[in-house]
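Reading through the structure tokens given below for one structure.
The values are calculated or read from the model by the stated rules, or taken from the named source; none is laboratory data. Note that the structure is a prediction, hence the values are computed from the model and not measured. All Cβ positions, even for glycine, are placed from backbone atoms using ideal geometry, and neighbour counts span all protein chains on display.
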Amino acid sequence: MKISDFRSDTVTRPDPEMYEAIQRAPLGDDVLGDDPTVAKLENYGAELLGKEAALFLPSGTMANQIACYCHTRAGDEIILEEQSHIYNFESGALTVISRVQPRPLKGVYGKIPLELIQEAIRPPSLHCPTTTLLCLENTHNLAGGTVLELDYCQQAYELALQNGLRLHLDGARIFNAAIASQTEAKKFAQCCHSLSFCLSKGLGAPAGSLLLGDKKFIENARKIRKMLGGAMRQAGILAAAGIVALEKRHRLNLDHQRAKKLALALSKIKPLEIDLNSVQTNIVLVNLPKMWNSQDISQKLQDKGILVSAISPHKIRFVVHKDIDDQDVDNAIYACEKLMAEK
Ligand SMILES: *Cc1c(COP(=O)(O)O)cnc(C)c1O
């Protein structure tokens with residue numbers, strides 16, 4: 001049976017072009033600062049996003065955590081969206097590494113209303129923590145891969161600047177946001193002090209993320225990367241695949257088209273429920289009736305060769321990526337139709 005893996009866009013395998021690039025890549029010791037392939041990837045990323053400098057890291061989590069560490073002091077408060085990756089899926093690292101207090105606020109399709117942010121920023125006080133950082137996530141994973149439009153990002157950045165905050169963008173899927181909204185990724189990068197993005201999500205590289213910001217910030221981040229044990233030696237092996245992934249970023253558009261097709265078809269299968277407004281990129285969230293359990297449904301789909309993730313008790317998630325083709329989408333639709341008919 002063919003397995004169609006919709007669990008995440010992290011499950012992609014390197015394609016032949018990546019293996020070739022890995023084989024050809026000139027290597028050095030990146031901890032000593034002389035791996036030319038890592039340097040090439042960092043320069044490419046920095047140029048593409050219009051930031052002064054970039055740092056190659058093993059994961060997006062490390063990129064976000066180093067950014068939060070560099071922007072804050074222990075005891076500060078940082079504002080983030082309550083469904084964000086930094087708040088929910090980084091093993092509580094904020095409170096351990098940066099020793100800051102998170103202030104989660106509820107967003108709509110991933111966007112925290114600006115008035116809520118303004119209200120949450122604390123005035124200077126002997127008694128209160130100091131608000132120093134605002135984190136945004138684009139696209140917003142748990143909201144369904146929704147795009148924070150440029151207009152919103154600009155206003156949030158303006159608000160951060162007016163209040164003396166720094167803004168870090170968790171742009172794990174920033175190229176999905178850019179391509180879906182036909183906005184240059186650079187424009188989003190202009191609305192933050194730092195951003196991170198994943199090479200290992202829809203872009204399809206086996207591992208790695210970039211953190212970007214100004215020279216001084218990245219210099220500091222490089223030191224913290226070493227401290228946390230994230231500095232790697234012949235990392236050009238990974239960076240070579242990252243360069244290919246980045247060059248092929250425009251293929252994300254295909255994922256978006258397939259996700260739309262999948263969402264539209266699934267939305268017609270009763271009693272599945274999909275908020276089609278949230279289907280803007282490569283993620284499709286499916287709500288199940290309350291009497292059904294997402295673990296149980298995902299197990300039954302797995303028995304039919306369709307892997308999905310159960311992201312909450314009554315919600316399953318399909319993520320489309322480079323190793324999902326039209327046939328996989330059709331298989332998923334068929335499997336859901338059959339399962340619902342059986343139920
Ligand atoms: C995947 C992801 C990350 C980082 O994940 P790693 O698995 O640590 O690379 C960060 N933010 C968002 C929104 C993500 O989806």
Exercise. Kindly indicate whether any position in the range 263-280 is within 18 Å of residue 185 (Cα to Cα), within 22 Å of the chain's Cα centre (by Cα) and surrounded by 15 or more Cβ atoms within 10 Å (Cβ to Cβ).
Key: yes
Quiz item: What residue, among those in the range 84-110 that are over 13 Å from residue 170 (Cα atoms) and among the charged types (D, E, K, R), is surrounded by the fewest Cβ atoms within 10 Å (Cβ to Cβ)?
Solution: 106
Quiz prompt | Counted residues, the range 16-32 - those being surrounded by fewer than 17 Cβ atoms within 10 Å (Cβ to Cβ) and either assigned to a loop (DSSP other than H, G, I, E, B) or under 27 Å from the mean Cα position of the chain (by Cα) (or both) | solution = 8
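Results for (1) within 21 Å of residue 52 (Cβ to Cβ); (2) within 15 Å of the ligand (Cβ to nearest atom), shown as yes or no for each residue.
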residue: 151; (1), (2): no, no
residue: 154; (1), (2): yes, no
residue: 159; (1), (2): no, no
residue: 163; (1), (2): no, no
residue: 168; (1), (2): yes, yes
residue: 176; (1), (2): no, yes
residue: 221; (1), (2): yes, no
Quiz prompt | Lone qualifier among 102, 113 - being in the same structural domain as residue 154 (by TED's automatic domain parsing), over 21 Å from residue 10 (Cβ atoms), at pLDDT 95 or above and away from the ligand (no atom under 16 Å from the Cβ) | solution = 113
Exercise. May I ask you to list the residues in the range 64-76 that are closer than 13 Å to residue 227 by Cα and within 16 Å of the ligand (Cβ to nearest atom)?
Key: 65, 66, 69
Self-check item: Where residue 184 falls short, out of the listed (1) within 11 Å of the ligand (Cβ to nearest atom); (2) under 19 Å from residue 282 (Cα atoms)
Solution: (1)
